[in-house]
Amino acid sequence: MVSDKFIIRQGEADKTLDKIERIASCYDFKSKEVLQIRLLAEEIISVISPTLSLSPGRSWISTDEKTFSVTIDCDAGVNGLDESTKKTLLKLSRSENSKGIFGMIGKVFEFLSVPDVDYNAVTGHRMFYTYGADSMVSGYYWNPEIAYTLPDIKSFQKQADKKNDDEHNLEISIIEGCADDIRVALQKSKGGVRLEITVVKTFLTEQANNIEFN
Amino acid sequence: MEIKTTRTGENTTLSLSGRLDTTTAPQLQEALIPEFDTAKGITLDFAELAYVSSAGLRVLLMGEKTAKAKGAKQILINVSAEIMEVFEMTGFSGVLHIE
């Protein structure tokens, strides 16, 4: 089942969070898990807060017999996402919890570079890649004049991650700690870029899935 | 969120009830940080606190850093298992003084 979409405006996230918590409490979750669902939604909103200053976001809940998902999306506008948000999304997409990411990798690459140096969300390598007129993306290791070994590249990545230690790392830790699955998707849209993040909680017991959303 | 402040000599206790989230974190910051101008020991009582988000964690970290800078101490007491779990997810259990 899928709920109506709730509008999220900057500074008014509480209204949406209250709705999400109220819906979650109708399901077979312990009170701790209901609060975790609210916490997940709050942390995602915190991650996308720079884009909410430009235009409202949307949130909805979808359920099946086994899972309860909260999705939040927003339009980043013609200027796209700021660097901090991009880096956060890439970290989230590399999360061990992120089982559904592989279908979204192409969309992430499509947006991120033309050309640019950035992270390969699959292997964790720094990649330099171009976006061709035929929509093909080609990539190769950063600074092709020097042949870095795979362990070197992963070490560079770790150093780069440490430098960005303050950027949304708290939100990422909480999302990774509370969610059973994380999905991140970016798409080009008429207005610029559309971003969608979904976090999933698994029910302890299968649900009848016949609860009406308010 | 409600904050009850009790001062005894150089020690101050802030008792929090409700939720420490994006909306209420500024309230805690306003109540907590100025206390370090006079107090040498700040105790944050979490007995009635149900929820902490990243916004709240940042204020707690700010308090911890301010305490160190002023030669004071910030201690958290009566932390629930659920909030302790958030501290552990984020590594804060090793950064904050929790009793």
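The values are calculated or read from the model by the stated rules, or taken from the named source; none is laboratory data. Since this is a predicted model, take the numbers as computed values, not measurements. Every residue, glycine among them, receives a Cβ derived from its backbone with ideal geometry; neighbour counts consider all protein chains shown. Side chains included, ligands, DNA and RNA excluded: accessible areas come from the protein's heavy atoms. Shrake-Rupley method; radii C 1.70, N 1.55, O 1.52, S 1.80 Å.
With θ taken as phi - 60° and the coefficients 6.51, -1.76 and 1.60, list the Karplus ³J(HN,Hα) couplings across the stretch A:58-71 in order, rounded to whole Hz; mark glycine and proline as x.
Values, residue by residue: 9, 9, 8, 10, 10, 9, 9, 5, 10, 9, 10, 10, 10, 10 Hz.
Can you list the residues of the stretch B:35-62 that have at least 30 square angstrom less accessible area with all protein chains present than in their chain by itself, probe 1.4 Å?
For the stretch B:35-62, once contacts with the other chains are taken into account, B:Tyr51, B:Ser54, B:Arg58 lose 30 Å² or more.
For A:Arg58 and B:Lys68, what is the calculated FRET efficiency with R₀ set at 45 Å and r taken between the beta-carbons, to the nearest 0.05?
Values: r = 42 Å, r/R0 = 0.94.
E(calc), rounded to 0.05, equals 0.60.
What is the Cα coordinate range of the stretch A:9-80 on the first, second and third principal axes, sorted by size from largest, in whole angstrom?
Projected onto its principal axes, the Cα set of the stretch A:9-80 covers 42, 22, 15 Å.
Counting other Cβ atoms within 10 Å, keep those with at most 11, restrict to DSSP loop, and tell me which trypsin sites (Lys or Arg not before Pro) in the stretch A:1-77 are left.
Here the sparse-neighbourhood loop sites are A:Lys30.
Using a 1.4 angstrom probe on the protein heavy atoms only, could you order B:Glu10, A:Glu42 from most to least accessible area? Each step should come with its number before you reach the end.
On the way: B:Glu10 110, A:Glu42 10 Å².
The ordering from most to least exposed comes out as B:Glu10, A:Glu42.
Compute the relative contact order of the stretch A:1-54 as a whole-number percentage, counting only Cα pairs closer than 8 Å that sit 6 or more residues apart in sequence.
Worked out over the stretch A:1-54, it gives 42 percent.
Can you work out the accessible area per residue across chain B, with the rest of the protein chains kept in place, probe 1.4 Å, in square angstrom?
So chain B comes to 48 Å² accessible per residue, rounded to a whole number.
Would you calculate a helix-derived [θ] at 222 nm for chain B, using -39,500 (n - 2.57) for each DSSP H run of n ≥ 4 and dividing by the full residue count, to the nearest 500? Please list the in-between numbers first.
Working: 3 runs with 34 residues, N = 99.
Roughly -10500 deg cm²/dmol at 222 nm, from the helical runs in chain B.
Determine the share of the stretch B:11-65's accessible area contributed by carbon and sulfur atoms, expressed in whole percent, with a 1.4 angstrom probe.
The nonpolar share, carbon plus sulfur, comes to 53 percent.
Specify, per residue and in Å³, the volume enclosed by the convex hull of the alpha carbon atoms belonging to the stretch A:1-45.
Dividing the Cα hull volume of the stretch A:1-45 by its residues yields 72 Å³.
Kindly provide log₁₀ I(q)/I(0) values, in the same order as q = 0.10, 0.12, 0.15, 0.21 Å⁻¹, from the Debye equation applied to equal alpha-carbon scatterers of chain B.
-0.22, -0.32, -0.51, -1.06
Apply the Karplus curve 6.51 cos²θ - 1.76 cosθ + 1.60, θ = phi - 60°, to the phi angles in the stretch B:90-97 and return the couplings in whole Hz, x for Gly and Pro.
9, x, 6, 5, x, 9, 8, 8
If I model a spin label at A:Asp18 and B:Glu48 as a point 7 Å from the Cα along the Cα→Cβ vector, what separation in nanometres do I get?
2.0
Ignoring everything but the protein chains, give the 1.4 Å probe accessible area of A:Val2 in square angstrom, nearest 10.
About 100 Å², ignoring ligands and nucleic acids.
Carbon and sulfur together cover what percent of the accessible area of the stretch A:12-77 at a 1.4 Å probe radius?
Carbon and sulfur together cover 50 percent of it.
Expressed as a rounded percentage, what relative contact order does chain B have, with Cα pairs under 8 Å and six or more residues apart? Mind showing how you got there, number by number?
Values: 176 pairs, mean separation 26.5, N = 99.
27 percent.
For the stretch A:6-21, what does the Karplus curve 6.51 cos²θ - 1.76 cosθ + 1.60, with θ = phi - 60°, yield as ³J(HN,Hα) per residue in whole Hz, taken in order and with x for Gly and Pro?
Each residue's phi maps through the Karplus curve to give 9, 7, 10, 10, 4, x, 10, 5, 3, 4, 5, 5, 4, 5, 4, 5 Hz.
Measuring from centroid to centroid over Cα atoms, what is the spacing of the stretch B:25-77 and the stretch A:1-47 in Å?
Measuring centre to centre over Cα atoms gives 27 Å.
Amide H neighbours of B:Gln74 under 5 Å, at least 5 residues apart or on other chains, H built in the peptide plane: list them.
The list, which skips near neighbours in sequence, is B:Ile42.
I'd like the FRET efficiency for A:Asp28 and B:Asn78, computed as 1/(1 + (r/R0)^6) with the beta carbon distance as r and R0 of 35 Å, rounded to 0.05. Write down the numbers at each step before the final one.
Numbers: r = 29 Å, r/R0 = 0.84.
Calculated transfer efficiency: 0.75.
What total accessible surface area, summed over both chains, is buried at the interface between chains B and A, computed with a 1.4 Å probe and given in Å² to the nearest 100?
Numbers: alone 5430 and 11240 Å², together 15270 Å².
Protein heavy atoms only, the B-A interface buries about 1400 Å².
List for the stretch B:78-93: residues with 50 Å² or greater reduction in accessible area, all protein chains versus chain alone, probe 1.4 Å?
Checking the loss per residue gives B:Met89.
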